[in-house]
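Data first, discussion second: the structure below is written as structure tokens.
The values are calculated or read from the model by the stated rules, or taken from the named source; none is laboratory data. If you're wondering where the values come from, they're calculated on a predicted model, not measured in any experiment. In this analysis, Cβ positions are derived from the backbone assuming ideal geometry, glycine residues included, and neighbour counts consider all displayed protein chains. Areas reflect the complete protein model, heavy atoms only, side chains present, ligands, DNA and RNA absent. Shrake-Rupley method; radii C 1.70, N 1.55, O 1.52, S 1.80 Å.
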Amino acid sequence: MIQFPSDFVWGAATASYQIEGAVEADGRVPSIWDTFCATPGKVENGDSGAVACDHYHRYKDDVALMKELGLKAYRFSIAWGRVLNGRTVNQAGLDFYSNLVDELLSAGIEPWVTLYHWDLPQTLQDVGGWTNRAIVDEFLYYADVVTKALGDRVKRWITFNEPWVFTYLGYASGVHAPGITHIPDYLSSAHHFLLAHAKSVPIIRANSSDSLVGVTLDMTQPEGDERAAERLRALHNGWFLDPIYFGHYPAEVVEIYEQAGYMPEIQPGDMEAIHGKPDFLGINYYTRQTIEADESDPVMLSRPVHMDESEYTEMGWEVAPESIYRMLKHNNERYNPGAMVITENGAAFQDVVSADGQVHDDRRVAYYNGYLTNCQRAISEGVPLMGYFAWSLMDNFEWSFGYSKRFGLIHVDYETQQRIPKDSARWYSQVIKNNGF
Ligand code: IFM
């Protein structure tokens, strides 16, 4: 029997644009993802979050399902453009989240709120989005409004979700909104994210007494040639975490970006402002990155390697449960974050509703079993992992893949909006009940 600490936080996660739908309801203003989805060729099948899981209208039923599963915590994000139109507060949007929080609390479920999970109001993108330093003040204003309204009841805050993804994929590779392909824009966005995160922490703490404030990163875990792995960690994790925990960007990457003329403008006092330990480090982790040395690439020093003997998910991500243990150990040693939380972990598979009306997703159960076993192994060796959130509570809009990838514990029929808890939901529910498996 694998047991977890008695106060371990067992949850599931979602994000606003991926589940809410109701994009025109109650004064919500368009986000960069509405624009991106409306641009031909950007999202598979022309899908959008316009309806998604219609959670905006069905949140009470969804909370009832969470309660049935016995979830202890629910991580969701706020849509900036629901609560603010420019700097004008939209009370109806705030009320939605306030009601959701009340519903969760009365079901005995702890709300974990992410302030920014990528749905930037389009009006802010129109003036440069994350590349414009003025975004920092806009974010602080937004964070203040939300935490003043909910901070009496919400005590777990995540400032941002996966900064590498929304800055790199949004501004360098362009496969996410706003679809820009200019590396210096990625780096200025990343710098402004760091400032916005750091400067929002005292505001959140002031508005929400006795709360914990963290930030969530998508952590890469390169495995193969060690020198190349170090470089990839510095490029991906270090670019965001070294400034927060050490007060400077990783020197070897600075050298590369300086030579290329890509470095962002760093104003006096910026790095001091960014340097500061959050109350916890949120980590989204799905797969490792298998590599072999390749000196012909002077930046990456490696090329990806496909592991023929491994299982891969629908995302093309290797199922590599032991790597979560190594990732946790490594980051605990390097950053000594004090507390860590797996804020996302899960797998997309091609689920089918069987003749018995159920979804028998054995591969997802095996995936969770393997990753959780290795989380427990890390805890038993002293890694301060305080919680785990399955991604995702329910099938939803998977960004540029549209609805083609299903990550949910709960199956969603997008035609009828019927929800069916999968076998993995029942398995997870039992794990929570036993606090282990
Ligand atoms: O769906 C996403 C989520 O929004 C952020 N983390 C990764 C998930 C799966 O790709």
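Listed by position, the strands (runs of 3 or more DSSP E) enclosed by segment 378-437 that each have at least 1 residues that are more than 14 Å from the ligand (Cβ to nearest atom) and in contact with a Pro (Cβ under 6 Å, 6 or more places away or on another chain) are 410-412. The set of residues in segment 14-51 that are within 22 Å of G408 (Cα to Cα) and of a type in the set (G, A, S) comprises A15, S16, G21, A22, G46, S48, G49, A50.
Number of residues in segment 103-123 that are open to solvent by less than 30 Å² (accessible area, probe 1.4 Å) and closer than 19 Å to N161 by Cα equals 11. Consider R363 carefully, then state whether it is at pLDDT 95 or above, open to solvent by 60 Å² or more (accessible area, probe 1.4 Å), part of a helix (DSSP H, G or I) and closer than 21 Å to A13 by Cβ. The answer is yes for R363.
When you go through N331, N374 one by one, which is the residue that is in contact with a Pro (Cβ under 6 Å, 6 or more places away or on another chain), in a helix (DSSP H, G or I), more than 16 Å from the ligand (Cβ to nearest atom) and modelled with pLDDT of 95 or more? Walk me through how you get there before you give the answer.
On the way: N331 fails: in contact with a Pro (Cβ under 6 Å, 6 or more places away or on another chain).
Of the residues listed, the single one that is in contact with a Pro (Cβ under 6 Å, 6 or more places away or on another chain), in a helix (DSSP H, G or I), more than 16 Å from the ligand (Cβ to nearest atom) and modelled with pLDDT of 95 or more is N374.
Considering the conditions (1) among the aromatic types (F, W, Y); (2) crowded, with 19+ Cβ neighbours inside 10 Å; (3) over 19 Å from F76 (Cβ atoms), W399 is excluded by exactly one of them, (3). Any residue in segment 240-248 that is open to solvent by 10 Å² or more (accessible area, probe 1.4 Å), away from the ligand (no atom under 16 Å from the Cβ) and farther than 26 Å from P384 by Cα? The answer is no, given that none of the residues of segment 240-248 is open to solvent by 10 Å² or more (accessible area, probe 1.4 Å), away from the ligand (no atom under 16 Å from the Cβ) and farther than 26 Å from P384 by Cα.
Within segment 195-221, residues that are over 21 Å from L235 (Cβ atoms) and within 16 Å of the ligand (Cβ to nearest atom) reach partners that are part of a loop (DSSP other than H, G, I, E, B) and modelled with pLDDT of 95 or more with beta carbons closer than 7 Å, at six or more positions or on different chains, in the pairs G214/P278; G214/D279.
Residue check: is G128 within 27 Å of H176 (Cα to Cα), out of contact with any strand residue (DSSP E or B) (no Cβ under 9 Å at 6 or more places or on another chain) and at pLDDT 95 or above? Yes; evaluated as a whole, the condition is true for this residue. Scanning segment 334-355 for residues that are open to solvent by less than 30 Å² (accessible area, probe 1.4 Å), away from the ligand (no atom under 16 Å from the Cβ) and either assigned to a helix (DSSP H, G or I) or in contact with a Ser or Thr (Cβ under 7 Å, 6 or more places away or on another chain) (or both) yields one hit, Y335. Can you say whether D294 is surrounded by fewer than 16 Cβ atoms within 10 Å (Cβ to Cβ), modelled with pLDDT of 95 or more and not aliphatic (A, V, I, L, M), as far as the supplied structure shows? Judged against the criteria, D294 is a match. In the condition set (1) out of contact with any helix residue (DSSP H, G or I) (no Cβ under 9 Å at 6 or more places or on another chain); (2) touching a residue at least 24 places away in the same chain (Cβ under 8 Å), V83 is compliant with all but (1).
If you go through segment 200-215 and pick out every residue that is buried (at least 22 other Cβ atoms within 10 Å of the Cβ) and out of contact with any Phe, Trp or Tyr (no Cβ under 7 Å at 6 or more places or on another chain), you end up with 0.
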